[in-house]
Amino acid sequence: MSDISNIREQIFLNNDTKRIVMKRNTERLNPHDHRNSAKRILNENLPNLEESNNRVIFLAVEVFHDRTYMAFDINHFTYDFHTAHLDKTILPVYSLRQVHKDRHWALIRLSQEDDDRLCIRLADLHEAHGYDVQLPIVEDHTSIIVHANPRSLVR
């Protein structure tokens, strides 16, 4: 277990590309503005993370009734929004978790299966939400999901 400053240090220890998933209670989100409240939560827990010299890309927020998952990449300098729906680059995935609701955090390396699964899921989200979406992409599983402008329809 570590405090958040130690976790931040671990995240930026080197220039290795990695993907991080943070899980939080959905009740902490504003139900009318998932994107900005997810950014607020990220900044509360990892201050100034998004402003880390373009080393962080906040990719997606998936909202479920009890839990919300936020995915962001670190040092993914080859990320291209316009081709992300085709990108099959497998990145190592880490779970960032708060332990026992106190100030201690854990950064846990997930399995290679999780690496594959999240890679496919993020490509699917880019495909489904089209080119007009802004990052992070928000998928709200608490209501009806409509993908009105998937990338495969744009030619």
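The values are calculated or read from the model by the stated rules, or taken from the named source; none is laboratory data. Just so it is clear, the structure is predicted and the values come from calculations on it, not from any experiment. No Cβ is skipped: glycine too gets one built from the backbone with ideal geometry, and neighbour counts run over all protein chains shown.
Here Q10 meets the list (1) part of a helix (DSSP H, G or I); (2) surrounded by 20 or more Cβ atoms within 10 Å (Cβ to Cβ); (3) touching a residue at least 40 places away in the same chain (Cβ under 8 Å) almost entirely, failing just condition (2). Any residue in the stretch 116-125 that is in a helix (DSSP H, G or I), acidic (D, E), over 16 Å from the mean Cα position of the chain (by Cα) and more than 16 Å from L46 (Cα to Cα)? Scanning the stretch 116-125 turns up no residue that is in a helix (DSSP H, G or I), acidic (D, E), over 16 Å from the mean Cα position of the chain (by Cα) and more than 16 Å from L46 (Cα to Cα).
Looking across the stretch 126-149, the residues that are touching a strand residue (DSSP E or B) at 6+ places or on another chain (Cβ under 8 Å) and assigned to a loop (DSSP other than H, G, I, E, B) come down to L135, P136, H141, T142, I145. Each residue in the stretch 88-107 was checked for being over 27 Å from D33 (Cα atoms) and modelled with pLDDT of 95 or more, and 3 of them qualify.
Yes or no: S152 among the hydroxyl-bearing types (S, T, Y), over 20 Å from F72 (Cβ atoms) and assigned to a loop (DSSP other than H, G, I, E, B)? In short, no. Taken over the stretch 82-134, the criterion of being among the small types (G, A, S) and either closer than 16 Å to A71 by Cα or surrounded by fewer than 17 Cβ atoms within 10 Å (Cβ to Cβ) (or both) is satisfied by A84, S95, A106, S111, A123. Residues being touching a residue at least 12 places away in the same chain (Cβ under 8 Å) and more than 17 Å from the chain's Cα centre (by Cα) are represented in the stretch 86-95 by at least one member.
Scanning the stretch 13-67 for residues that are of a type in the set (S, T, Y), at pLDDT 90 or above and under 23 Å from A84 (Cβ atoms) yields a single hit, T17.
When you go through (1) exposed (fewer than 13 other Cβ atoms within 10 Å of the Cβ); (2) among the charged types (D, E, K, R); (3) touching a strand residue (DSSP E or B) at 6+ places or on another chain (Cβ under 6 Å) one by one for E62, which number turns out not to apply? Checking E62 against (1) exposed (fewer than 13 other Cβ atoms within 10 Å of the Cβ); (2) among the charged types (D, E, K, R); (3) touching a strand residue (DSSP E or B) at 6+ places or on another chain (Cβ under 6 Å), the one that fails is (1). Of the residues making up the stretch 73-97, those that are outside any loop (DSSP other than H, G, I, E, B) and not hydrophobic (A, V, I, L, M, F, W, C) number 6.
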